[in-house]
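Chemist: Let me begin by handing over the structure; questions about it come next.
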Amino acid sequence: MIVVTTPTVPGSEIAEVCGLVRGSSVRTKHVGKDLIANLRNVAGGEIYEYTKMLAQAREQAIDRMIEEAQLLGADAVVAVRFQT
């Protein structure tokens, strides 16, 4: 599945619009990881536990979006936007 943030796919023509697809993922914090994250927050810098959780949620959302597009018979998803 081609997934791009641009409104077109270079070298391809959009023949048909299948509809809107989306993917969402919501994660909760783990008590142990949250404790470690709070300790890191005191020292400053990146909180790796939250960065990893955000990356995992984003990947799951992309996977869900692609699944929806495949169900509609799409070959690509164009103009993808992320919101965190």
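The values are calculated or read from the model by the stated rules, or taken from the named source; none is laboratory data. This structure is a prediction, so every number in the text was calculated from the model and none was measured. Please note: Cβ atoms are built from the backbone with ideal geometry, for glycine as well, and neighbour counts cover all protein chains shown. To get the accessible areas, we keep the full protein, side chains included, count just its heavy atoms, and leave off ligands, DNA and RNA. Shrake-Rupley method; radii C 1.70, N 1.55, O 1.52, S 1.80 Å.
Chemist: If you go through the stretch 34-47 one residue at a time, how many are open to solvent by 70 Å² or more (accessible area, probe 1.4 Å) and either farther than 26 Å from F82 by Cα or modelled with pLDDT of 80 or more (or both)?
Modeler: 7
Chemist: Take the conditions modelled with pLDDT of 90 or more and among the β-branched types (V, I, T) and apply them to V31. Does it pass? Write out each step before concluding.
Modeler: Numbers: modelled with pLDDT of 90 or more: no; among the β-branched types (V, I, T): yes.
So V31 fails the test.
Chemist: Now a separate question. Search the stretch 8-23 for residues being open to solvent by less than 100 Å² (accessible area, probe 1.4 Å) and within 18 Å of the chain's Cα centre (by Cα), and hand back the single one that is farthest from V77 (Cα to Cα).
Modeler: For the stretch 8-23, the residue satisfying everything is G23.
Chemist: For the stretch 53-84, what are the residues that are surrounded by fewer than 12 Cβ atoms within 10 Å (Cβ to Cβ) and basic (K, R)?
Modeler: Matches in the stretch 53-84: R81 only.
Chemist: Same structure again: List every residue pair whose Cβ atoms lie under 6 Å apart, where the two residues are 6 or more positions apart in sequence or sit on different chains, the first residue falls within the stretch 56-80 and is basic (K, R), and the second residue, located anywhere, is part of a loop (DSSP other than H, G, I, E, B).
Modeler: R64/G23
Chemist: Starting from residues that are assigned to a helix (DSSP H, G or I) and acidic (D, E), keep the ones in the stretch 47-84 and report whichever is farthest from the chain's Cα centre (by Cα). Break it down into steps so the answer makes sense when it comes.
Modeler: Let us first name the residues in the stretch 47-84 that are assigned to a helix (DSSP H, G or I), namely 48-71.
Those still in the list that are acidic (D, E) too: 49, 59, 63, 67-68.
Values: E49: 17, E59: 5, D63: 8, E67: 13, E68: 14 Å.
That would be E49.
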